[in-house]
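Read the structure below first, then the notes.
The values are calculated or read from the model by the stated rules, or taken from the named source; none is laboratory data. Computed from a predicted model, the values in this text were never measured in an experiment. Quick reminder, even Gly has a Cβ in these numbers, built from the backbone with ideal geometry, and neighbours come from all protein chains shown. Each accessible area value is taken on the protein alone, full model and side chains, heavy atoms only, with ligands, DNA and RNA left out. Shrake-Rupley method; radii C 1.70, N 1.55, O 1.52, S 1.80 Å.
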Amino acid sequence: MVYDVIVLGSGPGGYPAAIRASQLGFKVAIVEKESLGGVCLNWGCIPTKALLKSAQVYEYMKHSADYGIQSTGVQHDFGAVIKRSRGVADKMSKGVQFLLKKNKIDVIMGYGKIASKGKLEVTAADGKTSIVEAKYIIIATGARSRQLPAMPVDGKKIIGYREAMVLPQQPTSMIIVGSGAIGVEFADFYNTMGTKVTVVEFMPRIVPVEDEDISKELEKQLKKKGINIMTSSEVIKTDTTGAGVKATVKTATGEQILEADILLSAVGIQSNIENIGLEANNIKTEKGRIIVDKNGQTSVPGIFAIGDCSPGQALAHVAGKEGINAAEQIAYLEKKSTHQPEAMDYNNIPGCTYCSPEVASVGFTEKAAKEAGYTLKVGKFPFMASGKASASGNTDGFVKVIFDAKYGEFLGAHMIGAGVTELIAEVVAVRKLETTYHEILNSVHPHPTMSEALKEATAAAYGEAIDI
């Protein structure tokens, strides 16, 4: 089996890379050891959003009287919620299968390992091995849950995100360690469904990569929902010998023991770079990631790496664009294209967290902008002052914008509220176009919409706010 391009992994980076390579005229194969679509589609981004949607519907129904709608005896079927989530993931996986077939991409099921430059050894489920050849290989092996010695995952009482999506029954109590996107999304889901949730975060604030104002607001909102949050805290020991799990937590004031049915470890991810032939082929790594140049090429010419196994942000949309860029760089090298792909701007990557209220951000935080030496114009607009937010009953949160006072450059935006993960794309686009505050203020935003908050926050930064 000889191809032009082989992609190792079919996740949100791998399958776009394969499709783009096929579009550019290459003969392409994709190697996948488990399910088409990878972790994001099958065990991450997509099924978690399905769970959160069910939780949102349940929450709306419980509070339907606030909208003048009477409903009684509202209950949820936890098993049916899980089943719907898996159905959504399965449908999307079949969609990827269709796309690969449509683009004439061969799918080879098995565990792939680089045998040598241009050769990939694939071990099928039955143990049989075969060699697949290609001039170019794109590594898109993704990542998995990171495990800490104090919390050894057993899949029953101490679990990772995969188990959290398919629990056979709803736990009455849960400890979630880690308050990044995965941690707070599961905290919100299980709390809404009725589980008593405690979040333990090592850093001084939750969602620590976000702007400090966002962290404070989200903590306030989650606590208001009944979620217990412990920051500057570390789980140093766990005990699963009893009916549930006991976690010894070290805090600023001493040690505390928490008890729950289940502990969910959400302490980040670890790249899947072991046992795929990197060392034997002198493919260089650093800090658990594969080193690449601006075009995604590794230290070995002809071998590329994209997504969570490479140094960029571990986000599905980053992997997708890196995959497309890798395919286009190969086309440039093979003279199928006269243009190299534009290098990724990793400071203009949106980050989204889908708890309720949602969180979305891009660019500099206020602290990072100050540390970079900028003089700032900062504006905020609370959704409490938004007509659309009031009409929809979603007035929690705000939009915060950060501009360079000297030139008006749009340095960053940070949002928390209903639907803000849809609003952030406007900021990504206008920052890409090097837009200043002037263009934002002179772009008429439709009324009434949540999107007006961006314009109003910008106006506030320059002392021109109308509605606050």
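Testing residue 191 on (1) without any contact (Cβ under 8 Å) to a residue 40 or more places away in the chain; (2) assigned to a loop (DSSP other than H, G, I, E, B), one condition comes back false. Which one is that?
(2)
Being within 16 Å of the chain's Cα centre (by Cα), on the phi < 0 side of the Ramachandran plot and not β-branched (Val, Ile, Thr) is true for just one of 205, 162. Which residue is that? So that I can check it myself, show each step before the final result.
Details: 205 fails: within 16 Å of the chain's Cα centre (by Cα).
Of 205, 162, the one residue that is within 16 Å of the chain's Cα centre (by Cα), on the phi < 0 side of the Ramachandran plot and not β-branched (Val, Ile, Thr) is 162.
Under 8 Å by Cβ, and 6 or more places apart or on different chains, what pairs join a residue from the stretch 295-316 that is open to solvent by less than 30 Å² (accessible area, probe 1.4 Å) with one that is among the aromatic types (Phe, Trp, Tyr) and in a loop (DSSP other than H, G, I, E, B)?
Here the result reads 312/346, each pair linking the stretch 295-316 to a residue that is among the aromatic types (Phe, Trp, Tyr) and in a loop (DSSP other than H, G, I, E, B).
I'm trying to understand the selection: among the residues of the stretch 282-305, which are small (Gly, Ala, Ser) and either more than 20 Å from residue 268 (Cβ to Cβ) or in contact with a Lys or Arg (Cβ under 6 Å, 6 or more places away or on another chain) (or both)?
Taking the stretch 282-305 and keeping what is small (Gly, Ala, Ser), we get 288, 296, 299, 302, 305.
296, 299, 302, listed by residue number.
For the stretch 194-235, name all the residues that are in contact (Cβ under 8 Å) with a residue 60 or more places away in the chain, closer than 23 Å to residue 349 by Cα and not hydrophobic (A, V, I, L, M, F, W, C).
210, 211, 212, 213, 217
Looking at 388, 380, 367, 336, which is the one that is touching a His at 6+ places or on another chain (Cβ under 9 Å) and open to solvent by 60 Å² or more (accessible area, probe 1.4 Å)? Even if it seems obvious, please write down each step before you answer.
Values: 380 fails: touching a His at 6+ places or on another chain (Cβ under 9 Å); 367 fails: touching a His at 6+ places or on another chain (Cβ under 9 Å); 336 fails: touching a His at 6+ places or on another chain (Cβ under 9 Å).
The conditions single out 388.
Could you please let me know if residue 374 is open to solvent by 30 Å² or more (accessible area, probe 1.4 Å), out of contact with any helix residue (DSSP H, G or I) (no Cβ under 9 Å at 6 or more places or on another chain) and closer than 25 Å to residue 318 by Cβ? Steps first, answer last, please.
Details: open to solvent by 30 Å² or more (accessible area, probe 1.4 Å): yes; out of contact with any helix residue (DSSP H, G or I) (no Cβ under 9 Å at 6 or more places or on another chain): yes; closer than 25 Å to residue 318 by Cβ: yes.
In short, yes.
Rundown of residues vs (1) open to solvent by less than 20 Å² (accessible area, probe 1.4 Å); (2) in a loop (DSSP other than H, G, I, E, B); (3) not acidic (Asp, Glu), yes/no style:
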| site | (1), (2), (3) |
| --- | --- |
| 80 | no, no, yes |
| 86 | no, no, yes |
| 114 | yes, no, yes |
| 135 | no, no, yes |
| 156 | no, yes, yes |
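Hey, does the stretch 23-44 have a residue that's surrounded by fewer than 16 Cβ atoms within 10 Å (Cβ to Cβ), out of contact with any Phe, Trp or Tyr (no Cβ under 9 Å at 6 or more places or on another chain) and either assigned to a helix (DSSP H, G or I) or touching a residue at least 60 places away in the same chain (Cβ under 8 Å) (or both)?
Yes, there is a match, as at least one residue in the stretch 23-44 is surrounded by fewer than 16 Cβ atoms within 10 Å (Cβ to Cβ), out of contact with any Phe, Trp or Tyr (no Cβ under 9 Å at 6 or more places or on another chain) and either assigned to a helix (DSSP H, G or I) or touching a residue at least 60 places away in the same chain (Cβ under 8 Å) (or both).
Would you check if there is a residue in the stretch 332-342 being closer than 19 Å to residue 452 by Cβ and not basic (Lys, Arg)?
Start the filter on the stretch 332-342 by keeping residues that are closer than 19 Å to residue 452 by Cβ, which leaves none.
No: the stretch 332-342 contains no residue that is closer than 19 Å to residue 452 by Cβ and not basic (Lys, Arg).
Quick grid of which residues meet (1) in a loop (DSSP other than H, G, I, E, B); (2) modelled with pLDDT of 95 or more:
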site	(1), (2)
324	no, yes
332	no, yes
338	yes, no
346	yes, yes
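Assess whether residue 406 counts as being open to solvent by 40 Å² or more (accessible area, probe 1.4 Å), in a loop (DSSP other than H, G, I, E, B), charged (D, E, K, R) and at pLDDT 95 or above.
yes
Test of understanding: among 120, 51, 148, 100, which residue is within 21 Å of residue 182 (Cβ to Cβ) and either crowded, with 19+ Cβ neighbours inside 10 Å or touching a Gly at 6+ places or on another chain (Cβ under 9 Å) (or both)? Explain how you work it out, then say what you get.
Values: 120 fails: within 21 Å of residue 182 (Cβ to Cβ); 148 fails: either crowded, with 19+ Cβ neighbours inside 10 Å or touching a Gly at 6+ places or on another chain (Cβ under 9 Å) (or both); 100 fails: within 21 Å of residue 182 (Cβ to Cβ).
Only one candidate qualifies: 51.
State all residues of the stretch 333-359 that are more than 18 Å from residue 312 (Cα to Cα) and of a type outside the set (Val, Ile, Thr); if no residue qualifies, say none.
333, 334, 335, 336, 337, 339, 340, 354, 355, 356, 357, 358
Do you know which of the residues in the stretch 158-189 that are closer than 21 Å to residue 85 by Cβ and among the polar types (S, T, N, Q) is surrounded by the most Cβ atoms within 10 Å (Cβ to Cβ)?
Looking at the filtered set, the residue picked out is 170.
What residue, of 109, 203, 92, is open to solvent by 10 Å² or more (accessible area, probe 1.4 Å), touching an Asp or Glu at 6+ places or on another chain (Cβ under 9 Å) and either closer than 27 Å to residue 318 by Cβ or charged (D, E, K, R) (or both)? I'd like the intermediate steps shown before the answer.
Working: 203 fails: touching an Asp or Glu at 6+ places or on another chain (Cβ under 9 Å); 92 fails: touching an Asp or Glu at 6+ places or on another chain (Cβ under 9 Å).
Unique residue meeting the criteria: 109.
Considering the stretch 264-294 alone, what residues qualify as being part of a loop (DSSP other than H, G, I, E, B), over 27 Å from residue 162 (Cα atoms) and either among the hydroxyl-bearing types (Ser, Thr, Tyr) or open to solvent by 20 Å² or more (accessible area, probe 1.4 Å) (or both)?
Residues satisfying the conditions are 282, 284, 291, 292, 293, 294.
Only one of (1) within 30 Å of residue 389 (Cβ to Cβ); (2) small (Gly, Ala, Ser); (3) modelled with pLDDT under 95; (4) crowded, with 19+ Cβ neighbours inside 10 Å fails for residue 71. Which number is that?
(4)
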